[in-house]
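Since the structure comes first, as structure tokens, the remarks are kept for the end.
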Amino acid sequence: MTWLDALAEKAVDGETPTREEALAVLASGDDELMDVVAAAFRVRRRFFGRRVKLNYLVNVKSGLCPEDCHYCSQRLGSQADVLTYTWLKTEQVVASAEAGVAGGARRVCLVASGRGPTDRDIDRVAGAVAAFKERNPDVEVCACLGLLSAGQAERLAAAGTTAYNHNLNTSGGHYADICGTHEYADRVATVESAKRAGLSPCSGLIAGMGETDKDLVDVALALRALRPDSVPVNFLIPFDGTPLAGHWELTPQRCLRILAMVRFVNPDAEVRLAGGREIHLRTLQPLALHIVNSIFLGDYLTSEGQPGAADLAMIADAGFTVEGADAGSAGNGASDGVAVAGRPDLVHVRRRGAGTELPANT
Ligand code: SF4
């Protein structure tokens, strides 16, 4: 049995890997990459089969935040050329969220910039949640509104909100390097208050912000201690006009190792591949589906993702099934006998290169 087999077995049994084991995943070489992915896939398959949950982000209030999170294009003083607008109206929120549902999303995430909501903001969001749930009772709603004050989580829960997202983002030791206006402990407290109110806790991280392997393992273990139901893993989108502009420190292979480490540490959590997947994993995105069981469909808060149709095609091509969609037969991992969906739209007659006046495609 290899060390990766042993690690997968531990995770399937619900045991926490040691710090050294988690660090070893991050330190493994490219020659072992497929073994790392295969071991993480065993864990993913044990808890989630070959299903992929689709989530859809709605930025209900964009930009102009007074906080200074260095990674964020909506921060105080951000020069990033992103959309800025104040609270969307309820009907705008519902229409945007329903676009995600039409694309296959089973959860919509209503996100607002800012340190945290006022009680009036909670009223506003609660109204939008109630209006959306009335028309879409089977779709989960996650709210992400920043640091919560006493009683706010309870009010969101009473309005029909399913979950609350508040990411730890990085380790406690690294937190002061990425934000000076609030503290790591504030973030932990908000996740705990959401949990106490009966909201499904969602909390994750951002990789690629100058953290060490030890920081990544620390935040993964801290998340495990909080027992979130879902763990979004973001890869830094280094927007021009933010302090982390030009910060490109991730390779596709490292992204896969980070996802695998998070999976081993949080084996039965919904590990969600979040912002930055297209620009950092690039052509290796489908391999990540063997580790995570959840992605965002389409666009992010302030940046565009690949087209939603490309997300769905990627999932189908990799042999996975969208959660809540008609299952087909991908559940047993065998693709023989499955009707092949043709893609005539991908066939293009050559009109360039040899025999033409146009430059070759090289
Ligand atoms: S509190 Fe949220 S919106 Fe504001 S800067 Fe930080 S991450 Fe961005």
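The values are calculated or read from the model by the stated rules, or taken from the named source; none is laboratory data. If you're wondering where the values come from, they're calculated on a predicted model, not measured in any experiment. Backbone-built Cβ (ideal geometry, glycine too); neighbour counts: all protein chains shown. Remember, those area values only see protein heavy atoms, side chains included, never the ligands or the DNA or RNA. Shrake-Rupley method; radii C 1.70, N 1.55, O 1.52, S 1.80 Å.
For (1) open to solvent by 40 Å² or more (accessible area, probe 1.4 Å); (2) more than 30 Å from residue 35 (Cα to Cα); (3) modelled with pLDDT of 90 or more, each residue gets a yes or a no:
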position	(1), (2), (3)
294	no, no, yes
298	no, no, yes
346	yes, yes, no
353	no, yes, no
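Does residue 3 satisfy the criteria of being out of contact with any Cys (no Cβ under 7 Å at 6 or more places or on another chain) and either within 16 Å of the ligand (Cβ to nearest atom) or open to solvent by less than 10 Å² (accessible area, probe 1.4 Å) (or both)? No: the conditions fail for residue 3. If a residue must be away from the ligand (no atom under 11 Å from the Cβ), of a type in the set (A, V, I, L, M, F, W, C) and more than 16 Å from residue 133 (Cα to Cα), how many such residues does the stretch 81-105 contain? Selection size over the stretch 81-105: 3. Please go through the stretch 111-144 and pick out each residue that is within 16 Å of the ligand (Cβ to nearest atom) and not charged (D, E, K, R). Listed by number, the residues that qualify are 111, 112, 113, 114, 116, 117, 118, 125, 142, 143, 144.
Every listed requirement among (1) open to solvent by 10 Å² or more (accessible area, probe 1.4 Å); (2) of a type outside the set (Ser, Thr, Tyr); (3) on the phi < 0 side of the Ramachandran plot is met by residue 220 save one, (1). Sub-7 Å Cβ pairs linking a first residue in the stretch 63-76 that is under 21 Å from residue 208 (Cβ atoms) to a second residue that is more than 6 Å from the ligand (Cβ to nearest atom) and not in a loop (DSSP other than H, G, I, E, B), at least 6 apart or interchain, are 69/178; 70/178; 71/178; 71/206; 74/62, ordered by first then second residue. For the stretch 147-168, the criterion of being at pLDDT 95 or above, under 22 Å from residue 24 (Cβ atoms) and touching a helix residue (DSSP H, G or I) at 6+ places or on another chain (Cβ under 6 Å) is satisfied by no residue at all. The conditions of being within 15 Å of the ligand (Cβ to nearest atom) and surrounded by fewer than 16 Cβ atoms within 10 Å (Cβ to Cβ) are met by residue 183. Considering the stretch 43-60, and only residues there that are open to solvent by less than 40 Å² (accessible area, probe 1.4 Å) and under 20 Å from residue 305 (Cα atoms), the residue that is nearest to the ligand (Cβ to nearest atom) turns out to be 59. Keeping to the stretch 145-180, report how many residues are within 15 Å of the ligand (Cβ to nearest atom), in contact (Cβ under 8 Å) with a residue 40 or more places away in the chain and under 14 Å from residue 223 (Cα atoms). Matching residues across the stretch 145-180 total 5. In this structure, residue 108 does not qualify as within 27 Å of residue 170 (Cβ to Cβ), within 16 Å of the ligand (Cβ to nearest atom) and open to solvent by less than 20 Å² (accessible area, probe 1.4 Å).
Here's a check for you: in the stretch 312-326, which residue that is in a helix (DSSP H, G or I) and over 17 Å from the mean Cα position of the chain (by Cα) is surrounded by the most Cβ atoms within 10 Å (Cβ to Cβ)? Steps first, answer last, please.
Step one: of the stretch 312-326, the residues in a helix (DSSP H, G or I) are 312-317.
From the residues that got through so far, the ones that are over 17 Å from the mean Cα position of the chain (by Cα) too are 313, 316-317.
Details: 313: 15, 316: 17, 317: 12.
Here the residue is 316.
Only residues that are closer than 20 Å to residue 274 by Cα and hydroxyl-bearing (Ser, Thr, Tyr): list them for the stretch 193-211, please. Give the steps one after another, and end with the answer.
As a first pass, look at the stretch 193-211 and keep what is closer than 20 Å to residue 274 by Cα: 200-211.
200, 203 - these are the residues of the stretch 193-211 that are closer than 20 Å to residue 274 by Cα and hydroxyl-bearing (Ser, Thr, Tyr).
Scan the stretch 90-105 residue by residue and report those that are open to solvent by 20 Å² or more (accessible area, probe 1.4 Å) and under 18 Å from residue 232 (Cα atoms). Scanning the stretch 90-105 gives no hits. Selection within the stretch 63-75: residues that are of a type in the set (A, V, I, L, M, F, W, C) and either under 14 Å from residue 116 (Cα atoms) or more than 7 Å from the ligand (Cβ to nearest atom) (or both). The member of this set that is surrounded by the fewest Cβ atoms within 10 Å (Cβ to Cβ) is 64.
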